[in-house]
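Trainee: Quick one: structure below, then a few questions.
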Amino acid sequence: MRRTPFVTGLLLLTALTGCNGGGSAVTIKERLRNPLFAERYAEAMVDRLVELDIANDPIMEDAGKKAFVDEQRKHWLEVAREGRQRQRLGTQGNMIMIGEYTKGDILYLDNLLYFGTLFEIDPLPSISVFLTSVVDPRDVVFPDETAMDLGPLQSAYGAQTYDVPAVENPLLYRTVVLWDTELGRLHSFAQLGK
């Protein structure tokens, strides 16, 4: 049976999301745990699958392949819906630039801090991610006594996840701060809310 590159890709993606590789590379399945990533990825997948019908792609003439595409479309619609529902359970915010280019959305949920797929900053060598109860880190000597260092920024681009130590009242921790630990300088921050 001859498979188009798209069908081969869908089959490979399905196989990858069903297993957890032993290597250090982050899998799609692991990335889908980030509700911000899950929503965007799943919506893009649904769009692509719907385009096959709209464009009258010849692949849709094969009943088995059409059934596979329809099944996948329903699956990814559900993944997107679940991603949106999970986002509503946490607190969210968008990065605010403080003299350095930064953009992106942040979600704090279940002792995890998620960065969205469109997160982007101008990189510097010693940026760390902090979570604090201070509303605006410019109003205090930072890092303040409530600031939790979640570790170095994993990447200047894209979705990433940070473990947050358990706290008594997570809603009090309302600000994510990108802080240059070597320069002692505020890079940017996001105020989180419902």
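Trainee: So, restricting to strands (runs of 3 or more DSSP E) that lie completely within segment 84-194, which ones have at least 3 residues that are under 24 Å from PRO35 (Cβ atoms), in contact (Cβ under 8 Å) with a residue 40 or more places away in the chain and within 15 Å of the chain's Cα centre (by Cα)?
Mentor: 91-97, 105-109, 112-115, 160-163
Trainee: Further, regarding this structure: Counting just the residues of segment 131-148 that are of a type outside the set (A, V, I, L, M, F, W, C) and out of contact with any Leu (no Cβ under 9 Å at 6 or more places or on another chain), which one comes out surrounded by the most Cβ atoms within 10 Å (Cβ to Cβ)?
Mentor: Per the criteria, the residue is THR132.
Trainee: From ILE54, ILE28, which residue is touching a Ser or Thr at 6+ places or on another chain (Cβ under 6 Å) and modelled with pLDDT of 90 or more?
Mentor: Sole residue among the options that is touching a Ser or Thr at 6+ places or on another chain (Cβ under 6 Å) and modelled with pLDDT of 90 or more: ILE28.
The values are calculated or read from the model by the stated rules, or taken from the named source; none is laboratory data. Every value quoted in this text rests on a predicted model; they were computed, and no experiment measured them. Cβ: placed from backbone, ideal geometry, glycine included. Neighbour counts: every protein chain shown.
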